[in-house]
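The values are calculated or read from the model by the stated rules, or taken from the named source; none is laboratory data. These numbers come from a predicted model, not from an experiment. FYI the Cβ positions are ideal-geometry reconstructions off the backbone, even for glycines, and counts take in every protein chain you see. The protein model used for the area step is the full one, side chains on, heavy atoms only, and it has no ligands, DNA or RNA in it. Shrake-Rupley method; radii C 1.70, N 1.55, O 1.52, S 1.80 Å.
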Amino acid sequence: MASKHTALTQDVKNTRKYSFDTILMLLPLAVMAVYYYGERAARMVILTVLAAVVTEYLGGIIIRKKAVTADFDAVTIGMMIPLLLPASSPVWL
């Protein structure tokens, strides 16, 4: 018997909880990045989080879907990307 719950039908409350937990796990990594690499790492994290949230919001407008920026998924992705990049990577990357 197939399950009725898939990733596409998952409610915002569960997604918000998982995203928030992931953000809490990424915060120590972000703090250490700022400690070792300085203001540049903080700037990269802030810019990518803002870019991810704006992109998700505009994408929702384009496809005429209610924006779900309240689930913190874009913030999670925005925090992961700069932590995977080298500290010397340019901001436009």
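Quick notes on this one:
- Pairs meeting the criteria (first residue in the range 36-65 and over 25 Å from Ala87 (Cα atoms) and of a type in the set (Ser, Thr, Tyr), second residue open to solvent by 50 Å² or more (accessible area, probe 1.4 Å) and in a helix (DSSP H, G or I), beta carbons under 7 Å, at least 6 apart or on different chains) are Tyr57/Thr69.
- Identity of the residue in the range 56-93, of a type outside the set (A, V, I, L, M) and either within 22 Å of Tyr36 (Cα to Cα) or modelled with pLDDT of 90 or more (or both), that ends up most open to solvent (accessible area, probe 1.4 Å): Trp92
- Leading residue by the ranking (farthest from Asp21 (Cα to Cα)) among those in the range 31-55 that are surrounded by fewer than 12 Cβ atoms within 10 Å (Cβ to Cβ) and hydroxyl-bearing (Ser, Thr, Tyr): Tyr36
This table checks each residue for (1) under 20 Å from Leu93 (Cβ atoms); (2) aromatic (Phe, Trp, Tyr).
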residue	(1), (2)
Arg16	no, no
Ala30	yes, no
Tyr35	no, yes
Ala41	yes, no
Val45	yes, no
Glu56	yes, no
Gly59	no, no
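- Scanning the range 54-93 for residues that are farther than 23 Å from Leu29 by Cα and not in a helix (DSSP H, G or I) turns up Ile63, Arg64, Lys65, Lys66, Ala67, Val68.
- Qualifying residue in the range 11-25 (condition: over 18 Å from Gly78 (Cα atoms), modelled with pLDDT under 90 and basic (Lys, Arg)): yes
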